[in-house]
Amino acid sequence: MPHLHACLAENVEIAAVYTQPDRPAGRGRALAASPVKQAALAAGLIVEQPESLKSLAAQARLHELAPDLLVVVAYGLILPRRVLEIPRLGCWNVHASLLPRWRGAAPIQRAILAGDTQTGVCLMRMEAGLDTGPVLLRREFSIASRDTGGSLHDKLAELGAQVLGDGLRRTLGGEVLHAEPQPEAGVTYAHKLEKSEARLDWNESAIALERKVRAFDPWPVAEADVSGERVRVWAAQALAGTGASPGTIVAAGKHGIDVACSEGALRILQLQRAGGRVVSAADYLNARPELKRA
């Protein structure tokens, strides 16, 4: 929603806000409007929710609205070439990476998994390819050592709104933004996250597992086997090596549960049992005192 607020702050005349159809949510599985739809309606804006932009009816409606520019942020649906050609100023996409690194669906999580220390936001002019268009504006951002997928998402959303606002302001002022083609070198793809990726394998290094815990918070959340029990791991820290076999609990107490990895050990700080709430490692050990080790 920060991006919608950026458009409103720049006094852009918004012809309509497009968001995906209402989806079932909650225990009752009743249809629920997205936060974007709720914000748009609160601002008195027209909301369109086509199942797809491939249909002739959806394209005809967009032609009728006659937008000068389309701004796309995490829409989740493919924009056909015919849609890209409708606005006279083209289509802008706010992408959460420093293109051409991490094109695709999960750039934030892939950056954390890879151990990147820098990321950022690009305002890109869209083409038919996957995040291949020229970059209009870019802003770099440092990834903090404790950033999670969720915290970094929120930070980049705010940064992306600032970049979008800058681009809109300059364009409304009559400036033609320079479109810089992406270099061919350095292309990487941020493939969609799969739940199976969140399983922690103690045969990996501790630093790789720590990155998984951070990247997969809040979804799909890392899972690990702790002495025969499958738990979700919400916070962890990589430590130096122990020499013990991977999967061995080498220490467990008020500071956490240290599990040996192929390289180093992973200290589990917060975890969640099936059907339970998120607790500290110390509270978990109160329920499993047999695991305590000095």
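The values are calculated or read from the model by the stated rules, or taken from the named source; none is laboratory data. Worth saying up front: this structure is predicted, and the values here are computed from it rather than measured. Reconstructed Cβ throughout: ideal geometry from the backbone, glycine too, with neighbour counts over all protein chains shown.
Show me the strands (runs of 3 or more DSSP E) found entirely inside segment 1-87 where at least 2 residues are within 20 Å of Val163 (Cα to Cα) and at pLDDT 95 or above.
Output list reads 70-72.
With respect to Ser145, determine if the residue is farther than 27 Å from Arg169 by Cα, modelled with pLDDT of 95 or more and of a type outside the set (A, V, I, L, M).
The answer is yes for Ser145.
Would you check which residues across segment 79-121 are buried (at least 18 other Cβ atoms within 10 Å of the Cβ) and free of Cβ contacts under 8 Å to residues at least 24 places away in the same chain and list them?
Pro87
Quick check on segment 241-255. Is at least one of its residues at pLDDT 95 or above, hydroxyl-bearing (Ser, Thr, Tyr) and more than 20 Å from Gly150 (Cα to Cα)?
The answer is yes, given that some residue of segment 241-255 is at pLDDT 95 or above, hydroxyl-bearing (Ser, Thr, Tyr) and more than 20 Å from Gly150 (Cα to Cα).
What are the pairs with Cβ atoms under 6 angstrom where one residue, in segment 209-231, is in contact (Cβ under 8 Å) with a residue 12 or more places away in the chain and the other, located anywhere, is part of a loop (DSSP other than H, G, I, E, B) and surrounded by fewer than 22 Cβ atoms within 10 Å (Cβ to Cβ)? Sequence gap at least six, or different chains.
Close Cβ pairs (under 6 Å, with a partner that is part of a loop (DSSP other than H, G, I, E, B) and surrounded by fewer than 22 Cβ atoms within 10 Å (Cβ to Cβ)) amount to Arg214/Thr148; Asp217/Thr148; Val231/Arg273.
Failed condition for Met124, given (1) hydrophobic (A, V, I, L, M, F, W, C); (2) part of a helix (DSSP H, G or I); (3) surrounded by 22 or more Cβ atoms within 10 Å (Cβ to Cβ), with all others met?
(2)
Which fully enclosed strands (runs of 3 or more DSSP E) of segment 192-253 have 2 or more residues being farther than 17 Å from Gln272 by Cβ?
It comes to 229-239, 249-253.
When segment 209-230 is examined, which residues are found to be of a type outside the set (Asp, Glu) and surrounded by 20 or more Cβ atoms within 10 Å (Cβ to Cβ)?
Leu209, Arg211, Lys212, Val213, Arg214, Ala215, Phe216, Ala222, Ala224, Val226
Which residue, of Leu159, Leu168, is touching a Phe, Trp or Tyr at 6+ places or on another chain (Cβ under 7 Å) and either modelled with pLDDT of 95 or more or not charged (D, E, K, R) (or both)?
After applying the criteria, what remains is Leu159.
Pairs needed: first member in segment 258-277, on the phi > 0 side of the Ramachandran plot and in contact (Cβ under 8 Å) with a residue 60 or more places away in the chain; second member anywhere, in a strand (DSSP E or B) and polar (S, T, N, Q); C-beta distance under 9 Å; at least 6 residues apart or different chains.
Close Cβ pairs satisfying both conditions: none exist.
Restricting to segment 166-190, count the residues that are surrounded by 12 or more Cβ atoms within 10 Å (Cβ to Cβ), of a type outside the set (Ser, Thr, Tyr), assigned to a loop (DSSP other than H, G, I, E, B) and touching a residue at least 60 places away in the same chain (Cβ under 8 Å).
Number satisfying all stated conditions: 2.
Quickly run through segment 56-76 and pick out the residues that are aliphatic (A, V, I, L, M), within 20 Å of Leu193 (Cα to Cα) and surrounded by 15 or more Cβ atoms within 10 Å (Cβ to Cβ).
Val73
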